[in-house]
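Colleague: There's a structure below that I have some questions on.
Coordinate-derived values only; no laboratory data. The structure presented is a predicted model; accordingly, all values stated were derived computationally and were not measured.
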Amino acid sequence: MQQTGHHFVYGTLNDYLTGVELPDTDDERYRQSLARLLVEEKGFTKEELEPRLTIETWFNRSFVRSVIDLTVSLNGQRRLLLRYGPGSLVTREKPALAAARVLDASCCLPLAVVTNGQDAELLETHKGKVLAVGMTALPDRTQLAELVAQHSPRPPLTGLERERNLRVLNAFDVEACCRAAKCRLP
């Protein structure tokens, strides 16, 4: 085991969805468990899940690459994103909502899930309302189709509204550890 920044790295693991070799960290183990849960218990296919999409922002001399842990598609269209992070879920809501609103060029994703691996919140992304809490808030494939029918995707954001959401991502997702240095995985 090796420590880099505030991450313990136990070696490597293969991504459940893609087979890509990744650093084996506690956080990555939670992400892999979530992908397995969505496929093996919630009824999604591996092809409906996109791991590690990114949104890049540059504001106030700060470049930030925001990682979207999982994006879920139905009928070939992204409808839900899932963001994992340890700790409080409330602190994860704003950046998850912002990411859902700007990730896809064709629309604002209607739903987002924030989770710390032990608890979760399902969010409607237009107004930011919490629709469900607990790990049971992660919808299965049928439930997601019903939720999308109730909360249809909105047109993509443009102009200042898009910029505001990108700024939220930039501010919330900058990685600075307690040593005031950028944290890096190997």
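Colleague: Take the range 45-173, drop everything but the C-alpha atoms, weight them equally and run the Debye formula without solvent; then report log10 I(q)/I(0) at 0.17 Å⁻¹ to two decimals.
Modeller: Here the Debye-derived log intensity ratios amount to -0.83.
Colleague: Let me ask something else. Fully extended, how many nm does the chain gain between E175 and F59 (0.36 nm per residue separation, minus their Cα-Cα distance)?
Modeller: Length gained between E175 and F59: 40.3 nm.
Colleague: Work out the count of Lys pairs in the chain where the Cα-Cα distance is under 30 Å, with the pair 8 or more places apart or on different chains.
Modeller: For the chain, qualifying lysine pairs total 9.
Colleague: Here is a follow-up. What whole-number distance in Å separates the alpha-carbon centres of the range 147-166 and the range 8-54?
Modeller: Between the Cα centre of the range 147-166 and that of the range 8-54, the gap is 27 Å.
Colleague: Taking 0.36 nm per residue of sequence separation and subtracting the Cα-Cα distance, how much length would be gained by fully extending the chain between Y10 and R162, in nm to one decimal?
Modeller: Taking Y10 through R162 to full extension adds about 50.8 nm, to one decimal.
Colleague: I need to check one value: relative contact order of the chain, counting alpha carbon pairs closer than 8 Å and at least 6 residues apart, in percent.
Modeller: Once normalised by length, the contact order is 20 percent.
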